[in-house]
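The values are calculated or read from the model by the stated rules, or taken from the named source; none is laboratory data. What you see is a predicted model, and the numbers here were worked out from it, not measured in a lab. Heads up, the Cβs are rebuilt from the backbone with ideal geometry, glycines too, and the neighbour counts pull from every protein chain shown. What goes into the accessible areas is simple: the full protein's heavy atoms, side chains included, and nothing from ligands, DNA or RNA. Shrake-Rupley method; radii C 1.70, N 1.55, O 1.52, S 1.80 Å.
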Amino acid sequence: MLNYIWGGMILIGILVSAFTGNMEAVTNTTIQSSRDAITLCITILGVISMWSGMMNIAEKSGLIDTLSNKMLPLLKIIFNELDEDSKAFKYIATNIIANMFGLGYAATPAGIKAMVEMQKDNKHKEVATNSMCIFMIINMSSLQIVSMNIIAYRAQYGSINPSEIIGPGLITTVVSTIVGVGCAKFFAYRSR
Amino acid sequence: MEFISLFSNMIIPVVFIVILYNGYSKKIDLYEAFKDGAVDGMKVVFEIMPTIIGLMLAVGVLRASGALQILTNMLSGLSDLIGFPNEALPLTFMRLVSSSASVGLLLDIFETYGPDSYLGRFVSIMMSSTETIMYTMSVYFMSIKVTKTRFTLAGALLANLSGVIFSLYITKVVYGY
């Protein structure tokens, strides 16, 4: 996907610049933006490292597991079509908690295991079950509590209070997740 | 709205307290774990470096050539109709398709309008409360060879649309635009 988008963006840009007479600006930009990219990476390096250091403590001390277990009762309500003792529950919980903490590398493997577990009880292997669809929608509705990357970018571009967006961002995340679960349950109910 | 800004300032310290308290009570070596994690974080940044260079280049070319402006103007009829900031429309669409390409457009907005502007705050909140759909869906469903994904796309789009609309609303309410 990015293969086409990326090349397309540059080609369209150059083509348009031929008509708008901005060829010189485009040439200068190629140098400037590559330099800016490295400056940006160096400044976000500190923030991202600090955050993943903290998150590693959370993971090593079993905080992710503890929180995952606390989620199970809620998940049993949302995924009422899964077997009571399905292994998928544990993986779904880990995926959601890891996503909340922005631990993408821990979230994806758990999420895929959850899908594999759900696929075992699926009668039509090429068709997604209701539970799979609901899980995917929750997964894609954004769950992250603190988007450290966005805060680091804001800091780099001179924001006075880079972290001021945490509160509004979290409220919005909760809203979109609730809408996601609501829609998913509605679609699942209707397709029964 | 005092409460929301207080909350924003408190959440990182609170997360730290919870993590450290839990770490001590489980008797793990906190400092070692922090250092290991920090190294991993550095690796992540080094890994995304080429992506950031590539995409800032692409967005830079689009902006300098005037193409981004033309696109924004073309979409302005649509966004005026629904009261949506024009300049954020390309980013909003890109967000659904590619996480890294949308970061390129986000940084362009920060550079042009500033992160503390109406637009800068809105896109910050929007980016932190929406998610890339196409890529995630294909990774998960392909891993178990499911081809009929039924209502997944519709549900995910609705969830993200609500995230976009609500972030616009909350930006206006919290920052009084």
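Across all directions, the average projected area of the convex hull around the alpha carbons of chain A is 15.1 nm². Peptide A:103-114 shows a mean partner chain C-beta count of 2 within 10 Å per residue C-beta. Can you tell me the 0 to 90 degree angle between the C-alpha axis of helix A:2-20 and the longest principal axis of chain A, rounded to 10? Taking the Cα atoms of chain A, the angle to A:2-20 is about 30 degrees.
Relative contact order of chain B, taken over Cα pairs closer than 8 Å and 6 or more residues apart, is 17 percent.
Counting only Cα atoms, the size of the stretch B:99-141 along its three principal axes is 39, 17, 8 Å, in decreasing order. Around the Cα centre of the protein assembly as shown, unit charges on the Cβ atoms of Lys, Arg, Asp and Glu (plus for the first two, minus for the last two) sum to a dipole of about 940 debye. Legend: P(r) of the stretch B:75-157 from all alpha carbon pair distances, 10 Å bins from 0, whole percents, reading 16, 41, 28, 13, 2.
Normalised by 2.2 N^0.38 Å, where N is the number of residues, the alpha-carbon radius of gyration of the stretch B:23-177 equals 1.27.
Each Lys and Arg Cβ is given +1 and each Asp and Glu Cβ -1; about its Cα centre, chain A then shows a dipole of about 340 debye.
Considering only B:Thr92, B:Thr136, B:Ile170, the residue lying farthest towards the positive end of the dipole of the stretch B:40-177 is B:Thr136, judged by Cα position with unit charges set on Cβ. Taking other residues whose beta carbon is less than 13 angstrom from the beta carbon of B:Phe110, and scoring Lys, Arg as +1 and Asp, Glu as -1, yields -2.
Here chain B is treated with +1 on each Lys and Arg Cβ and -1 on each Asp and Glu Cβ, and its dipole about the Cα centre works out to around 560 debye. The heavy atoms of B:Leu68 offer some 10 square angstrom of accessible surface to a 1.4 angstrom probe. Would you compute the Debye intensity of the protein assembly as shown from its alpha-carbon atoms alone, equal scatterers and no solvent, and pass along log10 I(q)/I(0) at q = 0.08, 0.11, 0.13, 0.14 Å⁻¹ to two decimals? Results for the protein assembly as shown at q = 0.08, 0.11, 0.13, 0.14 Å⁻¹ read -0.42, -0.81, -1.12, -1.27. Beyond 32 Å in Cα-Cα separation lie the following of the pairs A:Lys185/B:Lys27; A:Lys76/A:Lys125; A:Lys90/B:Lys35; B:Lys35/B:Lys148: A:Lys185/B:Lys27; B:Lys35/B:Lys148. Placing a label point 7 Å from the Cα of A:Leu72 along the Cα-to-Cβ direction, the residues of the stretch A:116-142 with a backbone N closer than 19 Å are A:117-118. If you take all other residues with their beta carbon under 11 Å from the beta carbon of A:Ile92, and give Lys and Arg +1 and Asp and Glu -1, the sum is +3. Only Cα sites of the stretch A:1-40 enter the Debye sum here, all with the same form factor; the resulting log10 I(q)/I(0) across q = 0.19, 0.21, 0.25 1/Å is -0.64, -0.74, -0.88, listed in q order. As I understand it, the dipole of chain A uses +1 on the Cβ of Lys and Arg and -1 on the Cβ of Asp and Glu, about the Cα centre. Which of A:Gln156, A:Gly104, A:Ile44 lies farthest toward its positive end? Result: A:Gly104. So what's the net charge close to A:Cys183: Lys and Arg +1, Asp and Glu -1, counting the other residues with Cβ under 14 Å from its Cβ? Combined, the nearby Lys, Arg, Asp and Glu give +3. Taking label positions 7 Å along the Cα-Cβ direction at both B:Ser76 and B:Lys148, the computed distance is 4.7 nm, reported to one decimal. According to the Cα-based calculation, Rg over Rh for the stretch A:40-99 is 1.18, with Rh computed by the Kirkwood formula. With both labels modelled 7 Å from their Cα along Cα-to-Cβ, the A:Tyr4 to A:Asp121 distance reads 3.8 nm. Between the exposed loop cleavage positions of chain B, defined as trypsin sites (Lys or Arg not before Pro) in a non-H, G, I, E, B DSSP state with at most 10 neighbouring beta-carbon atoms within 10 angstrom, the longest gap is B:28-144.
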